[in-house]
Amino acid sequence: MWQPDPTSLRLFIAICEEGSIARASEREGIAAAAVSRRISDMESALGTSLLSRRARGVTATPAGEILLRHARHLMQSVEVLQSDLSEFSSGVRGLVRVLANVSSIVEFLPDEIAAFLQSNTKMNVVLEERVSAEVVRGIADGIADIGICRDFVGASEVQTLPYRSDHFAVVVHSAHELAEADVISFAETLSYEQIGLSVNAALNALMRRVAAERNRQVRYRANVSTFDAACRLVQLNLGLAVLPVEAVAKYGPYDLRAIPLSDEWATRQFVICVRHQDQMTIAARRFLDHLLRSKD
């Protein structure tokens with residue numbers, strides 16, 4: 001049975017991405033003949049062609065496409081493994097990888113990580129921001145130990161635990177027509193241009209769905225990747241934004257008004273995602289317990 005090795009997989013990925021053995025060999029600093037020989041050995045061992053060779057380059061065969069998908073996943077796992085093990089050379093005895101959406105990072109997560117590290121000095125937490133759907137996907141794929149995301153993202157392939165909640169509000173400039181309202185429904189905002197978050201953000205998908213239920217559309221004037229950028233555009237009175245009150249409170253210098261949304265969905269829950277609680281490392285389990293204790 002063929003045993004994949006990291007070098008061969010890396011070369012195969014390079015060939016598929018470059019569309020040429022010559023360019024892949026140049027990129028990886030290995031002679032083209034040696035690259036070609038490795039691919040031939042792989043094809044011989046597997047008993048199938050992996051590349052379609054043409055005058056202008058190469059493309060992956062159906063078998064090659066399958067290998068490419070798995071090769072990328074394996075190489076990503078190897079990189080994570082190397083990174084994790086390198087932490088121990090610097091004296092860290094436990095490592096927890098966390099994927100989290102921007103709301104949790106702005107509102108509370110850094111404080112929770114800091115508190116955890118104060119009482120677990122031989123451990124480290126690596127945090128990466130992702131949109132909620134990517135958090136779930138990353139946990140399902142084993143990229144990280146723990147994920148924190150919104151509860152309205154489908155998460156059937158992972159285990160979820162209820163965590164904290166926050167509350168959405170309509171954020172407007174003090175001179176905006178809606179600025180004097182004490183409370184407002186989301187439907188009332190649909191007549192105005194809005195500042196949205198990343199097009200892949202779970203909140204955007206929820207708002208589009210709610211608007212569609214009323215046969216309306218959300219009119220975005222701009223999409224930005226951070227709450228800070230959204231608040232800045234609202235400050236310039238370029239539109240309104242639907243954001244968590246807890247996040248807006250972090251941006252005091254802006255001349256903004258946060259008007260609570262009256263809609264039932266405006267109170268949203270965060271969930272913690274894990275693959276299998278009974279298979280977590282000691283460090284990950286300890287961090288999960290810390291998060292669950294702190295939510296109360």
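The values are calculated or read from the model by the stated rules, or taken from the named source; none is laboratory data. Please read these numbers as outputs of a predicted model, since none were measured by experiment. Methodologically, a virtual Cβ is constructed for each residue, glycine included, from the backbone with ideal geometry; neighbour enumeration extends over all protein chains shown.
Assorted remarks:
- In region 223-243, the qualifying residues are those that are at pLDDT 90 or above and in a strand (DSSP E or B), and the one that is nearest to Ala179 (Cα to Cα) is Leu240.
- Selection from region 16-63 of residues that are β-branched (Val, Ile, Thr), under 17 Å from Asp5 (Cα atoms) and touching a strand residue (DSSP E or B) at 6+ places or on another chain (Cβ under 9 Å): Ile39
- Yes/no for Arg275 being closer than 22 Å to Val153 by Cα, surrounded by 14 or more Cβ atoms within 10 Å (Cβ to Cβ), in the same structural domain as Ala140 (by TED's automatic domain parsing) and among the basic types (Lys, Arg): yes
- Filtered residues of region 96-124 (kept if assigned to a helix (DSSP H, G or I), of a type in the set (S, T, N, Q) and either touching a helix residue (DSSP H, G or I) at 6+ places or on another chain (Cβ under 8 Å) or loosely packed, with under 15 Cβ neighbours inside 10 Å (or both)): Ser103, Gln118, Ser119
- Residues (part of a helix (DSSP H, G or I) and either modelled with pLDDT of 90 or more or surrounded by 12 or more Cβ atoms within 10 Å (Cβ to Cβ) (or both)) located in region 80-95: Val80, Ser83, Asp84, Glu87, Phe88
- Test: residue in region 156-175 that is part of a loop (DSSP other than H, G, I, E, B) and not assigned by TED's automatic domain parsing to the domain that holds Phe287: yes
- Looking across region 250-269, the residues that are hydrophobic (A, V, I, L, M, F, W, C) and either assigned to a helix (DSSP H, G or I) or more than 18 Å from Asp182 (Cβ to Cβ) (or both) come down to Trp265, Ala266.
- Ala205 being out of contact with any helix residue (DSSP H, G or I) (no Cβ under 8 Å at 6 or more places or on another chain), among the aliphatic types (A, V, I, L, M) and exposed (fewer than 14 other Cβ atoms within 10 Å of the Cβ): no
- Residue in region 48-58 that is touching a residue at least 60 places away in the same chain (Cβ under 8 Å) and buried (at least 19 other Cβ atoms within 10 Å of the Cβ) present: no
- The number of residues in region 158-195 being exposed (fewer than 15 other Cβ atoms within 10 Å of the Cβ), closer than 23 Å to Ala133 by Cβ and hydroxyl-bearing (Ser, Thr, Tyr) comes to 1.
- Condition check for Ala249: surrounded by fewer than 17 Cβ atoms within 10 Å (Cβ to Cβ) and over 30 Å from Ile143 (Cα atoms): yes
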